[in-house]
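Just below is one structure, and these are the notes that go with it.
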Amino acid sequence: MNKSGIVDIELWQLIAAYAYVIVLLVIVRIMGIKREKIIVVSSIRMTLQLIIAGYVLIYLFNHPSFGFLLLLFLLMEGFAINNTFTRVKVPLNRELKKIIAYSLCGGTTISLMYFLLVVIGGNTWSDPRYFIPIAGMLIGNSMTGISLGINRLIDSMRTERDRIEGALMLGATPKMASKDSVNKAFDASILPTINSMLGMGIVFLPGMMTGQILSGTSPLIAIKYQIAIMLGILGSVAFTVLIFVHRAYKVFFNKEAQLLLPEETDTKK
């Protein structure tokens, strides 16, 4: 326990946490579930990424610089966009990639600035102690949301092709014909966030709130921050996906309002 009364995790205790994962690997191996590689890779990658992030944050806290803060934010956005591309099950054409990129950047940036300038206020927009953690939560959740939305939109366009083409033949516009698919994509993207919100405080205490309480913050202050950030996450995910679906459905249609799937758009549009 350090001077502030917080229990510090010693190196041997951290090693014990890895030993717990090794036990999990042994069980997975015995049961014949071939997932050892992904568990090992994700654990190592998570460790390295967090260690690097820790040293970067220490430098930022000791040497505040808005320019470096902005560069770090752009890097976070870049990694999120790239991860989104890799999470999609089918190849994406250039137009869809452009829409994903500016939807993710636009939705998260607007949500972050609103949260820092209006909800928290003060000079938090340039304070790395607020900017980086909040930006990370908004970008991370929006990345997950838009990934789910893309996959659902493409799957729905493919499985409901006959219905959409039938609606087009009857005189419906591309927007009207694809409305059901767009709604399903939006629902799929925000469902994890909604489910998480429904269980908070009863089923589990979220990570941000738990971390603040463990660091000695009053539970009431931690609750206020958690409520605010969850509403911010909901808004960021919803806004990002709304920007995406507003433009993305158009990519599935050519100038003659004919439905084209992603693998067809590059060659036939």
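What FRET efficiency, computed as 1/(1 + (r/R0)^6) with R0 = 51 Å and r the Cβ-Cβ distance, is obtained for residue 8 and residue 187, rounded to the nearest 0.05? Let's see the in-between values first.
On the way: r = 44 Å, r/R0 = 0.85.
Given R0 = 51 Å and the Cβ-Cβ separation, E is 0.70.
Prolate is the label for the chain, because a/c, from the alpha-carbon gyration tensor with a ≥ b ≥ c as root eigenvalues, is 1.5 or above and a/b exceeds b/c.
Helix-only mean residue ellipticity at 222 nm, the chain, DSSP H runs n ≥ 4 weighted -39,500 (n - 2.57), per residue, nearest 500. What is it? Don't jump to the answer; show the numbers that get you there.
On the way: 11 runs with 204 residues, N = 269.
When only DSSP H runs of four or more count, the value is -26000 deg cm²/dmol.
What ranking do 240, 86, 173, 109 get, fewest neighbouring Cβ atoms within 10 angstrom at the top?
Values: 240 29, 86 7, 173 12, 109 17.
Ranked by crowding around the Cβ, least crowded first: 86, 173, 109, 240.
Could you state the number of Å between the C-alpha centres of segment 27-41 and segment 164-237? A separation of 31 Å, based on Cα centres. Within the set of other residues whose C-beta is less than 14 Å from the C-beta of residue 175, count the net charge using Lys and Arg as +1 and Asp and Glu as -1. Net local charge, residue 175 excluded: +2.
Pop the C-beta distance of residue 59 and residue 169 into the FRET formula with R0 = 51 Å and round what comes out to the nearest 0.05.
Details: r = 61 Å, r/R0 = 1.19.
In this case the efficiency is close to 0.25.
Specify whether the C-alpha gyration tensor of segment 1-63 places it in the rounded, prolate or oblate class, a ≥ b ≥ c being the square roots of the eigenvalues: rounded for a/c under 1.5, otherwise prolate if a/b is larger than b/c and oblate if not. Display every interim value, and only then the final one.
On the way: a/c = 5.27, a/b = 1.77, b/c = 2.97.
Since a/c reaches 1.5 but b/c is at least a/b, the shape of segment 1-63 is classed as oblate.
Think of the chain as a dipole: +1 on every Lys or Arg Cβ, -1 on every Asp or Glu Cβ, centred on the Cα centre; then among 227, 102, 59, 102 lies furthest on the positive end.
Using the count of nearby Cβ atoms within 10 Å as a rough guide to exposure, how do 143, 230 rank from fewest to most? Could the numbers behind the result be given before it?
Details: 143 24, 230 19.
Ordered from fewest to most neighbouring Cβ atoms within 10 Å, 143, 230 come out as 230, 143.
Judged by the mean number of other Cβ atoms found within 10 Å, the most tightly packed of the peptides 154-160, 252-258, 29-35 leads the ranking 154-160, 252-258, 29-35. Sorting 12, 125 by the number of Cβ atoms found within 10 Å of their own Cβ, with the fewest placed first, yields 12, 125. Let me know the shape class of segment 1-123, please: from the alpha-carbon gyration tensor, a ≥ b ≥ c as square roots of the eigenvalues, rounded when a/c is under 1.5, otherwise prolate if a/b is greater than b/c, or oblate. In terms of gyration-tensor shape, oblate.
Across the options 27, 48, 148, the greatest Cα extent toward the positive end of the charge dipole of the chain (unit charges at beta carbon of Lys, Arg, Asp, Glu) belongs to 148. Among complete DSSP H helices in the chain, those whose alpha-carbon atoms stretch at least 15 Å along the helix's long axis and whose mean Kyte-Doolittle hydropathy reaches 1.0 are 11-30, 36-62, 66-87, 219-251.
Treating r as the C-beta distance of residue 221 and residue 179 and R0 as 45 Å, the FRET efficiency rounds to 0.55.
Quote the charge dipole size of segment 1-63 about the Cα centre in Debye, to the nearest 20; the model charges only the Cβ of Lys and Arg (+1) and of Asp and Glu (-1). Provide the component values of the computation, followed by the final result.
On the way: 6 positive and 3 negative charges, 67 e Å.
So the dipole magnitude of segment 1-63 works out to roughly 320 debye.
Where a number appears in this text, it was derived from the coordinates with a stated rule and is not lab data. Model, not experiment: these values are computed from the prediction. Virtual Cβ from ideal backbone geometry, glycine too; neighbours counted across all protein chains shown.
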